[in-house]
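As structure tokens, the structure follows; a few thoughts come after it.
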């Protein structure tokens, strides 16, 4: 049995995610405006497994162990899960907090001002340094867990508009701390070719189990980059 969780961050404010479970494919969209702190706005159709009773209550973040980078990550995951379960309190939700946190952290590392403060609040991190350390630790642990019995792989890629100016420090941070690739493509002049290249990369990373993640309407002449984060588990 294979499970994949692939997230695609579109132009910093929209996440399109796919969950493949043994009963099919689920798709959801998360829109995150700049004034968002923890009021997650969920749109789209999410198929979940119906349950006759409420999900168990999750522990309050105050009951976690002493503060650490790891507990900060746990708090983010719990907060996210609470907000999602408010929408359908009697149904199970399948998601990867690690995948979402890494994608948001990669975006956060390239922002400043109010956007930076709000994203750090959502991620429950105090400093950019702590956030980068946490993301690197998670990415490294995931990629070290491969074995004959189990395959677990994390892949990050930023598909950026060719000739678009990107800070070399930010580029190095993504490559070193987030183990991310950076691929230059031409959204403006070759939108179809760009979409196909991204979809082929996603298909390759998920062993052909996720295809055509990006639709033609996801790319416009104003698109500057698409950040894709995939976790593959078998």
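The values are calculated or read from the model by the stated rules, or taken from the named source; none is laboratory data. On a predicted model such as this, the values are computed, not experimentally measured, just so you know. No Cβ is skipped: glycine too gets one built from the backbone with ideal geometry, and neighbour counts run over all protein chains shown.
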Does residue 103 fit the bill of being part of a helix (DSSP H, G or I), in contact with a strand residue (DSSP E or B) (Cβ under 6 Å, 6 or more places away or on another chain), at pLDDT 85 or above and within 22 Å of residue 227 (Cα to Cα)? yes
Looking only at the stretch 51-59, decide whether some residue is at pLDDT below 50 and either outside any loop (DSSP other than H, G, I, E, B) or buried (at least 16 other Cβ atoms within 10 Å of the Cβ) (or both). no
Counting just the residues of the stretch 85-100 that are outside any loop (DSSP other than H, G, I, E, B) and over 24 Å from residue 233 (Cβ atoms), which one comes out modelled with the lowest pLDDT? 87
Residue list for the stretch 107-125, filter: modelled with pLDDT under 90 and touching a strand residue (DSSP E or B) at 6+ places or on another chain (Cβ under 8 Å): none
Could you check the stretch 76-97 and list, in sequence order, the residues that are over 25 Å from residue 138 (Cα atoms) and in contact (Cβ under 8 Å) with a residue 40 or more places away in the chain? 87, 88, 90, 91
Give the residues of the stretch 98-114 that are over 16 Å from residue 156 (Cβ atoms) and under 17 Å from the mean Cα position of the chain (by Cα), sorted by residue number. 111
With 185, 160 as the choices, which residue is farther than 21 Å from residue 98 by Cα, in contact with a helix residue (DSSP H, G or I) (Cβ under 8 Å, 6 or more places away or on another chain) and at pLDDT 90 or above? 185
